[in-house]
Amino acid sequence: MESCERRVPHRIAVRQISIESVLECHILFVVRLERSNLLSILDAVDGYPNLTVADKEGFAVMGACVNLVAQRGRGRLEINPDSMRGVGLTMSAWVLCLARIARTNR
């Protein structure tokens, strides 16, 4: 079994950014208040290896890679493999088995 020790130091920064600077991100969390801007945000990062994560029902089918949703009082992952593949990212089969699969509806 692999240890969970940190192998390569990475800085994590959480900040509010403008749509013009989304390409600087590796992981882009789109808050539910930005639902009306989600398609613009996804268009801005199209073709770049950004993992887009959201927290509102329906975001994964709109094109987000990962969506965090509540189901029966528990957290649940929705993963859109088409969106992940579109930006050159992959998800482990183990995580895919735990998640609900969503397909892009845009």
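The values are calculated or read from the model by the stated rules, or taken from the named source; none is laboratory data. Nothing here was measured: the structure is a model prediction, and the numbers come from that model. When we count neighbours, we look across all protein chains shown, and the Cβ atoms used for this are built from the backbone with ideal geometry, even at glycine.
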Hits in the stretch 41-66 - residues which are within 19 Å of L96 (Cβ to Cβ), in contact with a strand residue (DSSP E or B) (Cβ under 9 Å, 6 or more places away or on another chain) and in a loop (DSSP other than H, G, I, E, B)
G63, A64, C65
If you check every pair at least six apart or on different chains, which have Cβ atoms under 6 Å apart with a residue in the stretch 56-76 that is under 22 Å from V45 (Cα atoms) first and a residue that is in a strand (DSSP E or B) and of a type in the set (A, V, I, L, M) second?
E57/V69; A64/A54; C65/L51; V66/V53; V66/I79; N67/A54
Answer with yes or no whether A70 is small (G, A, S), over 27 Å from S18 (Cβ atoms) and exposed (fewer than 12 other Cβ atoms within 10 Å of the Cβ).
yes
Filter the stretch 83-105 for residues that are farther than 13 Å from D46 by Cα and among the charged types (D, E, K, R); which is surrounded by the most Cβ atoms within 10 Å (Cβ to Cβ)?
R100
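This table checks each residue for (1) closer than 13 Å to T104 by Cβ; (2) at pLDDT 85 or above; (3) under 12 Å from the mean Cα position of the chain (by Cα).
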{"position": "I19", "(1), (2), (3)": "no, no, no"}
{"position": "N37", "(1), (2), (3)": "no, no, no"}
{"position": "M62", "(1), (2), (3)": "yes, yes, yes"}
{"position": "G88", "(1), (2), (3)": "no, yes, no"}
{"position": "M91", "(1), (2), (3)": "no, yes, yes"}
Criterion first (surrounded by 16 or more Cβ atoms within 10 Å (Cβ to Cβ), closer than 27 Å to A13 by Cβ and modelled with pLDDT under 85) does V31 satisfy it?
no
